[in-house]
1. Return the pairs, sorted by first residue and then second, in which the second residue is modelled with pLDDT under 90, the first residue lies in region 218-236 and is under 23 Å from Gln264 (Cα atoms), the beta carbons are less than 6 Å apart, and the residues are 6+ apart or on different chains.
2. Testing Leu160 on (1) in a helix (DSSP H, G or I); (2) in contact with a helix residue (DSSP H, G or I) (Cβ under 6 Å, 6 or more places away or on another chain), one condition comes back false. Which one is that?
3. Please name all residue pairs, on different chains or six or more residues apart, with Cβ atoms under 7 Å, provided the first residue is in region 341-362 and is more than 23 Å from Ala59 (Cβ to Cβ) and among the hydroxyl-bearing types (Ser, Thr, Tyr) and the second residue is modelled with pLDDT of 95 or more and not in a helix (DSSP H, G or I).
4. Quick check: is even one residue across region 310-321 within 18 Å of Gly340 (Cα to Cα), open to solvent by 10 Å² or more (accessible area, probe 1.4 Å) and touching a Phe, Trp or Tyr at 6+ places or on another chain (Cβ under 8 Å)?
5. Which ones in region 160-199 are over 19 Å from Gly243 (Cβ atoms) and open to solvent by 40 Å² or more (accessible area, probe 1.4 Å)?
6. Would you point out the residue of region 47-83, among those that are touching a strand residue (DSSP E or B) at 6+ places or on another chain (Cβ under 9 Å) and of a type in the set (Lys, Arg), that is farthest from Ser109 (Cα to Cα)?
7. Considering only region 51-58, I want to know if a residue exists there that is modelled with pLDDT of 50 or more and among the β-branched types (Val, Ile, Thr).
8. Within region 322-331, is there a residue that is touching a strand residue (DSSP E or B) at 6+ places or on another chain (Cβ under 7 Å) and open to solvent by less than 50 Å² (accessible area, probe 1.4 Å)?
Amino acid sequence: VACGRSGDAVVLRGAERPVSVAGANGTADSFVADNASHAVIGGAGSYPRGPRIYFLFLAVDKVSNMEVWNTFFSRAHPHQYRAYVHCKFESCMQQVAGTALVAVPTVPSYYCTDLVSPMNQLLNVALQDGDGLPNEADKFAFISDSTLPAKPFSFVYGVLAARHGSDFCVFPSNEWADVPNSNGGIDVAVKYHQWITLGRAHAQKSWDLWKTGHWHHFMPHFRMNQNSSAWATHGFGDSHNFGCLDEFWHMLAIYGPLQHPGSQHAQDKHLDAFIGGPLRMSANAGWQGECDTFVMWSKYVHHPGSNPFGALYDNLDPPSVPHGGNYARPGWWDRISSQGLRAIRQSSFLFVRKFIDRPSMADSSSFAPAYVNLVLSS
């Protein structure tokens, strides 16, 4: 899980000059109203347009390796994307000023118990983009401040714009949460990586439900993180539940708790616009859905079954193997080689994390130029 937050003086992509946006005490509505005339390229209008990808960054004090992101967006057509960032601290707002990333007004957030508020603040702003009619193929991709693109913009755009639905990278089923229900079975909340990509319908539904207070009580209702002694042995359907709100809320809000007879049963759930479905509900279910972002969870990097994480990991040379992290925090890169960068480019992932800012190269002098050359070249 990672943190995030937002807004100051920035340049909207395609705008002619810097725009002053609402600061930390502003609202999303006032932010959009203040910037409506600048957010449009070629003039306002309710005209049909192609799919647009909304890159939604969650950041604390900065976005790491901003040079790489600057190059990524510089090669994009401005009609095809918007990039918003929610910053926690002023230093982040100052860093992104004048870049393609537009800082949005900050909302309160708390590690683990509520990073969904800044996520949905980003959705709220992005959904109010008035440049052209909404397109059903629009996508809303959440990006951490330690993430980098694993492909050129044209590749990322082509893949996401062509998909019809939302990408949830679902953890193996022993990580899911459950509580007994009145039917003698269990209500299941599926756990997934925070770094999801939502289709427009799911993005709108998420914001509409969040602002009403829907499932804000998830953590106490599912009795999350209340039995630390069971962490190492918890399994599917045992009601020993661990994780953070941002790893459950959007899928729970969109599909509701999934009813299941119990841990000894197996069934397939056909969920509307769930890429990579049906969802297998069983004690031995592995990685499922669509995993857009590589994240290094040592416990599951070689989990049996279809596993894109193990495929990339196994293609890394020794200098490029990331630190392993622990049960609560994923691993990270502070050093990588050219071969490791090529493995990222050749992987199935669209994004990859976690990178410290300006990691060292095992076989060249500067990270950003090597990354651009080996990963972002068409």
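The values are calculated or read from the model by the stated rules, or taken from the named source; none is laboratory data. Here the structure is a predicted model, which means the values were calculated and not measured. Cβ coordinates were reconstructed from backbone atoms using ideal geometry, including for glycine residues, and neighbour counts include every protein chain displayed. Side chains included, ligands, DNA and RNA excluded: accessible areas come from the protein's heavy atoms. Shrake-Rupley method; radii C 1.70, N 1.55, O 1.52, S 1.80 Å.
1. So the pair list comes out as Phe236/Ser263.
2. Of the numbered conditions (1) in a helix (DSSP H, G or I); (2) in contact with a helix residue (DSSP H, G or I) (Cβ under 6 Å, 6 or more places away or on another chain), the odd one out for Leu160 is (2).
3. Final answer for the pair search is Ser347/Ala150; Ser347/Phe294.
4. Within region 310-321 (the criterion being within 18 Å of Gly340 (Cα to Cα), open to solvent by 10 Å² or more (accessible area, probe 1.4 Å) and touching a Phe, Trp or Tyr at 6+ places or on another chain (Cβ under 8 Å)), the answer is yes, since at least one residue qualifies.
5. Residues satisfying the conditions are Ala162, Arg163, His164, Ser182, Asn183, Gly184.
6. Looking at residues that are touching a strand residue (DSSP E or B) at 6+ places or on another chain (Cβ under 9 Å) and of a type in the set (Lys, Arg), I get Arg49.
7. Looking through region 51-58, at least one residue is modelled with pLDDT of 50 or more and among the β-branched types (Val, Ile, Thr).
8. Looking for residues that are touching a strand residue (DSSP E or B) at 6+ places or on another chain (Cβ under 7 Å) and open to solvent by less than 50 Å² (accessible area, probe 1.4 Å), one finds at least one in region 322-331, hence yes.
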